[in-house]
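Have a look at the structure below, then the notes.
The values are calculated or read from the model by the stated rules, or taken from the named source; none is laboratory data. Note that the coordinates shown come from a computational prediction; the quantities given were computed from them, not determined experimentally. Cβ placement follows ideal geometry from the backbone for every residue including glycine, while neighbour counts extend to all protein chains displayed.
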Amino acid sequence: MHAKGAWPTREAERVERSYYDDKLGLILHTAARVFAKKGYHQASIRDISRATGVSLSGLYYYFDSKEELLFLIQDHCFRMVLDNLDEMLIGVEDPLRRLRLLVENHLRFFVGNMEETRVLSHEADALTGEFREKVDDLKRRYTGIAGEIIEEIRPEDSDLDGRVATFALFGMMNWIHTWYRPDRDVPVEKLAEDMTRLFLHGHLGAGSADEPESPRPDEDRSSPSIWRA
């Protein structure tokens, strides 16, 4: 593990090169598939070598450890999402349109990269030290953009906490890999539209006067969860 605060030139060059090296892109995508299937801690570099057809020495040209490989996957994914979002938001002033673009960009990446999505979701705590710090910096930048947009559209009389709203939005978007099926669910554009509307207006719709009736104290609320078998 590298000392905190010391980001070696070789590693910095590898990260910078990750955008332009097709072979590294193939390695990262295949490694994400292996990690998604076996789990980060159960998978080995030999598993990655067999899946990619790249020798161990060839793999170690790009990274020094399995943890650095996981870092490169997460770093690459977050940078792609952020770069795409930055480009999409250029010249867009309307905060509602900015929110819609953020949601569509997020969902389009997640739907198109399901293996990477599972790794981002399930292996978020596997990184340590400076690898963890750098990915966390990207996450903070991303949630900061979303938080600013949400604050712009928040009604003046709303007492909804911005942090709650921001992470509720990401919570809704991040877990589509557990249920979304492109062959039977709506296209990404419709998915983004529906999720944006749900986030902004809720399932009842904006301005609805019909509130769900609260259960009476004597009602039986011990029914089993639909999420349990």
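One table, with the values for the structure above:
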quantity	calculated
Region 125-153, subset in a loop (DSSP other than H, G, I, E, B) and either touching a residue at least 40 places away in the same chain (Cβ under 8 Å) or of a type in the set (K, R) (or both), residue surrounded by the fewest Cβ atoms within 10 Å (Cβ to Cβ)	T128
Test: residue in region 154-166 that is assigned to a helix (DSSP H, G or I), surrounded by 13 or more Cβ atoms within 10 Å (Cβ to Cβ) and in contact with a Leu (Cβ under 7 Å, 6 or more places away or on another chain)	no
Residue ID - nearest to E67 (Cα to Cα), chosen from residues in region 167-183 that are assigned to a loop (DSSP other than H, G, I, E, B) and free of Cβ contacts under 8 Å to residues at least 60 places away in the same chain	W179
Close pairs (9 angstrom Cβ cut-off, 6 or more residues apart or separate chains): in contact (Cβ under 8 Å) with a residue 60 or more places away in the chain in region 184-196, among the small types (G, A, S) anywhere	V188/G112
Candidates L99, L26, L59, filtered to the one that is out of contact with any Pro (no Cβ under 9 Å at 6 or more places or on another chain) and touching a residue at least 40 places away in the same chain (Cβ under 8 Å)	L99
Residue ID - farthest from the chain's Cα centre (by Cα), chosen from residues in region 170-229 that are modelled with pLDDT of 50 or more and among the β-branched types (V, I, T)	V186
All positions within region 34-48 that are crowded, with 18+ Cβ neighbours inside 10 Å and part of a helix (DSSP H, G or I)	V34, F35, A36, I48
Any hit, region 101-116, residues being assigned to a helix (DSSP H, G or I), modelled with pLDDT of 95 or more, over 14 Å from the mean Cα position of the chain (by Cα) and closer than 16 Å to L82 by Cβ	yes
Scan of region 54-94 for residues that are farther than 24 Å from E151 by Cβ, assigned to a helix (DSSP H, G or I) and β-branched (V, I, T), ordered by number	I73
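Here's the yes/no breakdown for (1) in contact with a Lys or Arg (Cβ under 6 Å, 6 or more places away or on another chain); (2) of a type in the set (D, E, K, R); (3) surrounded by fewer than 19 Cβ atoms within 10 Å (Cβ to Cβ):
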residue	(1), (2), (3)
C77	no, no, no
D83	no, yes, yes
F110	no, no, no
E116	no, yes, no
